[in-house]
Amino acid sequence: MAGLAYDAIESHDDLVAFSRQYAREARREWLLDVRLDLVEWDVSTRARRRAAAVKRPRVPDATIGEPIDWNRVPDSDGRPLPCTVSLSWEAFEAFSRAEWESTLRHELLHVEQFQRDGTTDHGAAFKRRAREVETDVRCRTFATPEWLFRCGDCGTEVARRYRDCAFVREYEAYRSDCCGAGLVRSQPE
Ligand SMILES: [Zn+2]
Ligand SMILES: [Zn+2]
């Protein structure tokens, strides 16, 4: 399968396509016990510090380490209830490919735990799995942008970028909306 290159991601759909494809690879490579057909994906543009999160229904009487009988869960047909991996566009812009993939493995461990036990946390079982799949225990947060672009006339901030991308390389071709002026690039404090 021709994979979508990380550097070619330009839209939310691209980011979801890349992340789904990586999830399939990670499932094989790291032997993740996840049912990806029961996982949905979305992209959030709301400013937040977490790079990604798993949104899941509350399952009553679920305990980490005790596999759940999904047949007794209301609304379930015997399979795990669907959950959603919510991706942060800002985090994607801030992260290298390796950081993004590590973030996805972290979230897939939450999916694994949820689908087996009906709930998930960052406790001892999660820590053990995180070591096995070489990801962080804490949900990743992300940092300040690498570059700021301002209008060359009035100084209004026009864009910020977190890593090298086409815009960073070609910003001289852009004009500001406010003044139609060229952009100046600076690095934030
Ligand atoms: Zn987490
Ligand atoms: Zn301006």
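Report whether or not S102 is under 15 Å from L32 (Cα atoms) and crowded, with 18+ Cβ neighbours inside 10 Å. Give the steps one after another, and end with the answer.
On the way: under 15 Å from L32 (Cα atoms): yes; crowded, with 18+ Cβ neighbours inside 10 Å: yes.
Spelling it out, S102 is indeed under 15 Å from L32 (Cα atoms) and crowded, with 18+ Cβ neighbours inside 10 Å.
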The residue from P80, P67, P57, P74 that alone is within 16 Å of T119 (Cβ to Cβ), in contact with a strand residue (DSSP E or B) (Cβ under 9 Å, 6 or more places away or on another chain) and either assigned by TED's automatic domain parsing to the domain that holds A124 or not hydrophobic (A, V, I, L, M, F, W, C) (or both) is P57
If I go through segment 28-61 residue by residue, how many of them are open to solvent by 100 Å² or more (accessible area, probe 1.4 Å) and basic (K, R)?
6
Filtered residue count, segment 161-170, keeping only those that are modelled with pLDDT of 80 or more and open to solvent by 40 Å² or more (accessible area, probe 1.4 Å):
2
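Looking at R138, R131 in this structure, which one is at pLDDT 85 or above and open to solvent by 60 Å² or more (accessible area, probe 1.4 Å)?
Details: R138 fails: at pLDDT 85 or above.
None of the other options fit; the residue is R131.
Name the single residue that is least open to solvent (accessible area, probe 1.4 Å) among those in segment 11-27 being in contact (Cβ under 8 Å) with a residue 12 or more places away in the chain and polar (S, T, N, Q). Step through it out loud before you land on a result.
Keep residues of segment 11-27 that are in contact (Cβ under 8 Å) with a residue 12 or more places away in the chain, which gives 12, 15-24, 26-27.
Still in the list and also polar (S, T, N, Q): 19, 21.
Numbers: S19: 0, Q21: 26 Å².
Here the residue is S19.
Suppose we filter A8, A51, A26 for residues that are farther than 18 Å from L108 by Cβ and of a type in the set (A, V, I, L, M, F, W, C); which single one remains?
A8
Can you tell me which residues in segment 1-10 are surrounded by fewer than 16 Cβ atoms within 10 Å (Cβ to Cβ) and either modelled with pLDDT of 95 or more or hydrophobic (A, V, I, L, M, F, W, C) (or both)?
Quick first cut of segment 1-10, residues surrounded by fewer than 16 Cβ atoms within 10 Å (Cβ to Cβ) only: 1-3, 5, 7-8, 10.
Within segment 1-10, M1, A2, A5, A8 meet the criteria.
The values are calculated or read from the model by the stated rules, or taken from the named source; none is laboratory data. All of these numbers come straight from a predicted model, not from anything done at the bench. Counting neighbours? That spans all protein chains shown, and the Cβs are built from the backbone with ideal geometry, glycine included. Heavy atoms of the whole protein, side chains included, go into the accessibility calculation; ligands, DNA and RNA do not. Shrake-Rupley method; radii C 1.70, N 1.55, O 1.52, S 1.80 Å.
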